[in-house]
1. I'm trying to understand the selection: among the residues of the stretch 131-144, which are surrounded by fewer than 16 Cβ atoms within 10 Å (Cβ to Cβ) and in contact with a helix residue (DSSP H, G or I) (Cβ under 8 Å, 6 or more places away or on another chain)?
2. Go through the stretch 100-121 and count every residue that is without any contact (Cβ under 8 Å) to a residue 24 or more places away in the chain and within 16 Å of residue 153 (Cβ to Cβ).
3. Do you know which of the residues in the stretch 73-99 that are outside any helix (DSSP H, G or I) and in contact (Cβ under 8 Å) with a residue 24 or more places away in the chain is surrounded by the most Cβ atoms within 10 Å (Cβ to Cβ)?
4. Could you give me the residue pairs with C-beta distances under 8 Å whose first residue belongs to the stretch 233-257 and is assigned by TED's automatic domain parsing to the domain that holds residue 219 and surrounded by 10 or more Cβ atoms within 10 Å (Cβ to Cβ), whose second residue is at pLDDT below 70 and in a loop (DSSP other than H, G, I, E, B) wherever it lies, and which are 6+ apart or on separate chains?
5. Scanning for something within 26 Å of residue 241 (Cα to Cα) and either surrounded by 18 or more Cβ atoms within 10 Å (Cβ to Cβ) or in contact with a strand residue (DSSP E or B) (Cβ under 9 Å, 6 or more places away or on another chain) (or both), does the stretch 162-169 turn up at least one residue?
């Protein structure tokens, strides 16, 4: 008759003991019901060891690559003649990857325009009227100088929006028109602030904004286009101090002494 010790030995060879995972241990798997609940609710499962930040960084890097590629191709070929294949080829990603970030090329243009508007907003400072502050004219000049720096950093997009919606299809043209509507609203707000400070005369702010923007838009469009022309192997100077001075003086004082 087998002894109790022998039976214990036999049992130890046939029964595999599995230690229960410790709560919070990295190797513990979540129950299937919990994983399903997370997927259905749209909540993501927690990731460890910095995987979340690395994934976000990769996504941001891929999106930036697509935007840079689109910006370059739009400038070189025009929005209408640029295809999604052109964009993904320039970005070095698969076509399927494009659709993880954008629905179509018009979405890409919209994202570029929104970033351009945000950069312009970030360049504008509120006029300071405290004692010792520079004159309002000088502060306006500084604002325009910063805006011109934004134009040079976003030149590919600036060329598209300053040349207007001609040659663009409906959705692309709408993105450009949205840009100008927002810029017009910014100018109207600035005029209202100036009137409140007593440095801008009473006027129809919307009409003045439209006229001022028309002049500025024409001047900037011509300057941006001239920058593409070869000048004996060197790039034509852009927004120098003379240009900025006229950009400030003409809308503020016109031609009269």
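The values are calculated or read from the model by the stated rules, or taken from the named source; none is laboratory data. These numbers come from a predicted model, not from an experiment. Cβ coordinates were reconstructed from backbone atoms using ideal geometry, including for glycine residues, and neighbour counts include every protein chain displayed.
1. Hits for the stretch 131-144 are 133, 134, 137.
2. Of the residues in the stretch 100-121, 2 are without any contact (Cβ under 8 Å) to a residue 24 or more places away in the chain and within 16 Å of residue 153 (Cβ to Cβ).
3. First, the residues of the stretch 73-99 that are outside any helix (DSSP H, G or I): 78-83, 92-94, 99.
Those left that are additionally in contact (Cβ under 8 Å) with a residue 24 or more places away in the chain: 78-80, 92-93.
Values: 78: 14, 79: 23, 80: 12, 92: 11, 93: 17.
Among them, the one singled out is 79.
4. 235/227; 236/227; 236/229; 238/227
5. Yes, the conditions are met somewhere in the stretch 162-169.
Table: residues versus (1) modelled with pLDDT under 90; (2) under 19 Å from residue 114 (Cβ atoms).
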{"site": "133", "(1), (2)": "no, no"}
{"site": "137", "(1), (2)": "yes, no"}
{"site": "140", "(1), (2)": "yes, no"}
{"site": "148", "(1), (2)": "yes, no"}
{"site": "154", "(1), (2)": "no, yes"}
{"site": "157", "(1), (2)": "no, yes"}
{"site": "170", "(1), (2)": "yes, yes"}
{"site": "182", "(1), (2)": "no, yes"}
